[in-house]
Amino acid sequence: MDTRSYRERTIDGHALRPESLMMSYGYDPQLSEGALKSPIFQTSTFVFKTAEEGKAFFELAYGLRQKRPAEEPGLIYSRINNPDLEILEDRLTIWDGAEAGLAFSSGMAAIATTLLTFLRPGDVIVHSEPIYGGTDFLVHRILPQFDIRRFGFAAGAEGALERAVEQARGLGRVAILYVETPANPTNTLVDLERCAAVARALGDGGGRPLVAVDNTFLGPLWQKPLEHGADLVLYSLTKYVGGHSDLIAGACLGGEPLIAPVRGMRTILGTMADAWTGWLVMRSLETLKLRMTSQMKNARYVAEFLADHPKVKRVLYLGFLEHGDPQHDIYHRQCEAAGSTFSFEIHGGEAEAFGILNALKLVKLAVSLGGTESLAEHPATMTHSDIPREAQERMGITPGLIRISVGIEHPEDVIADLAQALAAV
């Protein structure tokens, strides 16, 4: 059964917007008993009509031949493909303007599978700092076990990328420029167009490094890395796309020539999402713009309250960037909005930060972000706790730093909760 036949993007020449396409793109109800919503294809394997059909399906799945005109890969086994994942992947590509995409069992599964697809022993990955704690652990602790070196550069520091690449070239082939922008948890931006230019320059002799971007903090509404020269976009779909704190999933999007080998690696590693998770993410995509817009607007009110509070030292919110700041120029060239996850530093240290977090009532003390509820956490001892304290300080992850993800509650209620928590310290 191929449920992906409904792919109309226009009505009488009128181009449909992404939020409209999220309701039906890639799904034909007539192929599923007329069901308005895609069924959950809770099955491990699929029945072939004939042995010849099974042979043809496997030929495509394992790259034994080229796809014929208008031929679609057939359903074989849910580790390889599943209708719910295929529909989801079709819809995910729309927001980012990608040619192809893949859904994974988690954001880290997407990142690890993608990096293992393109990195080889002796290679070097150049990455921005800070990055999500799990990714940091991967590049610092896991990849070196496979003789893959890493070289970091400070996000937002003038010339840091170029210096890092030049030094990294002495260690081996620079295979990937890995960027997380805005940085987690400091909200520092990395210039994607500059990354693409550096990658092109390195490829003058052939084999340029890929530019891979973790777009979880702002995407896919508020930043579109592929439009600024990135080759691959990575997401923790757990966050804004899933958006209800009830699933774990990830994604990788880009051109089909790059996605194809990642797809093969995913099949062998078994890091794909399951059908139920795929169905849940499809449900969430229908309200993605509504939720992210509400969260973005709420975050502005919360950030302004915190900026005026005497116990708050600084607020790392993209909407506060000023003219003359290089970050301001990157933001207005690269981003559509400031998003709803940011950090603020209080006067004091860990004890004071813990006091505020422990006093919260409406805002929940939990890691993750992008859900309908507001969440707050302490990066230095939680999401980024594996990073040595000296490196944390260098990256701007101080003991007094708190990260908040603003949800869809009424902003005055979130502010009231923060006010009483700040007053309690």
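Looking at the range 79-91, I want the residues that are within 13 Å of Ala61 (Cα to Cα) and have a partner that is of a type in the set (Phe, Trp, Tyr) and surrounded by fewer than 24 Cβ atoms within 10 Å (Cβ to Cβ) with Cβ atoms under 8 Å, at least 6 apart or on another chain. Which pairs are those?
Close Cβ pairs satisfying both conditions: Asn82/Phe41.
Between Leu171, Leu161, which is within 30 Å of Tyr317 (Cα to Cα) and in contact with a strand residue (DSSP E or B) (Cβ under 7 Å, 6 or more places away or on another chain)?
Leu161
Test of understanding: among Ile268, Ile248, which residue is out of contact with any His (no Cβ under 7 Å at 6 or more places or on another chain), more than 23 Å from Ser24 (Cβ to Cβ), in the same structural domain as Trp222 (by TED's automatic domain parsing) and assigned to a loop (DSSP other than H, G, I, E, B)?
Ile248
I'd like to know if the range 272-295 contains one or more residues that are in contact with a Ser or Thr (Cβ under 6 Å, 6 or more places away or on another chain) and either crowded, with 16+ Cβ neighbours inside 10 Å or closer than 26 Å to Ala155 by Cβ (or both).
The answer is yes, given that some residue of the range 272-295 is in contact with a Ser or Thr (Cβ under 6 Å, 6 or more places away or on another chain) and either crowded, with 16+ Cβ neighbours inside 10 Å or closer than 26 Å to Ala155 by Cβ (or both).
Inside the range 107-147, can you point out the residues that are on the phi < 0 side of the Ramachandran plot and in a loop (DSSP other than H, G, I, E, B)?
At the first step, the residues of the range 107-147 found to be on the phi < 0 side of the Ramachandran plot are 107-121, 123-146.
Residues satisfying the conditions are Leu119, Arg120, Pro121, Asp123, Pro130, Ile131, Tyr132.
Could you tell me how many of the residues in the range 376-391 are surrounded by 20 or more Cβ atoms within 10 Å (Cβ to Cβ) and either modelled with pLDDT of 95 or more or under 23 Å from Lys311 (Cβ atoms) (or both)?
Number satisfying all stated conditions: 7.
Taking the condition of being within 18 Å of Val211 (Cβ to Cβ) and either crowded, with 20+ Cβ neighbours inside 10 Å or aliphatic (A, V, I, L, M) (or both), how many residues in the range 118-137 meet it?
Residues that pass the stated criteria total 11.
Since Cys195 meets every condition but one in (1) closer than 30 Å to Arg333 by Cβ; (2) part of a loop (DSSP other than H, G, I, E, B), which condition does it not meet?
(2)
Determine whether Gly74 is part of a helix (DSSP H, G or I), out of contact with any strand residue (DSSP E or B) (no Cβ under 9 Å at 6 or more places or on another chain) and outside the structural domain of Lys239 (by TED's automatic domain parsing). Steps first, please.
Details: part of a helix (DSSP H, G or I): no; out of contact with any strand residue (DSSP E or B) (no Cβ under 9 Å at 6 or more places or on another chain): yes; outside the structural domain of Lys239 (by TED's automatic domain parsing): yes.
It is false that Gly74 is part of a helix (DSSP H, G or I), out of contact with any strand residue (DSSP E or B) (no Cβ under 9 Å at 6 or more places or on another chain) and outside the structural domain of Lys239 (by TED's automatic domain parsing).
Can you find, within the range 86-115, the residue that is surrounded by the most Cβ atoms within 10 Å (Cβ to Cβ) among those that are hydroxyl-bearing (Ser, Thr, Tyr) and within 15 Å of Val281 (Cα to Cα)?
Thr93
Search the range 1-24 for residues being in contact with a Leu (Cβ under 8 Å, 6 or more places away or on another chain) and at pLDDT 90 or above, and hand back the single one that is surrounded by the fewest Cβ atoms within 10 Å (Cβ to Cβ).
So the residue we want is Glu19.
Could you run through the range 148-176 and say how many residues are among the aliphatic types (A, V, I, L, M), surrounded by 15 or more Cβ atoms within 10 Å (Cβ to Cβ) and over 25 Å from Ser343 (Cα atoms)?
So the answer is 7.
The values are calculated or read from the model by the stated rules, or taken from the named source; none is laboratory data. In this text the structure is predicted, and so the values were computed from the model without any measurement. Cβ sites come from the backbone with ideal geometry, for glycine too, and all protein chains shown count toward neighbours.
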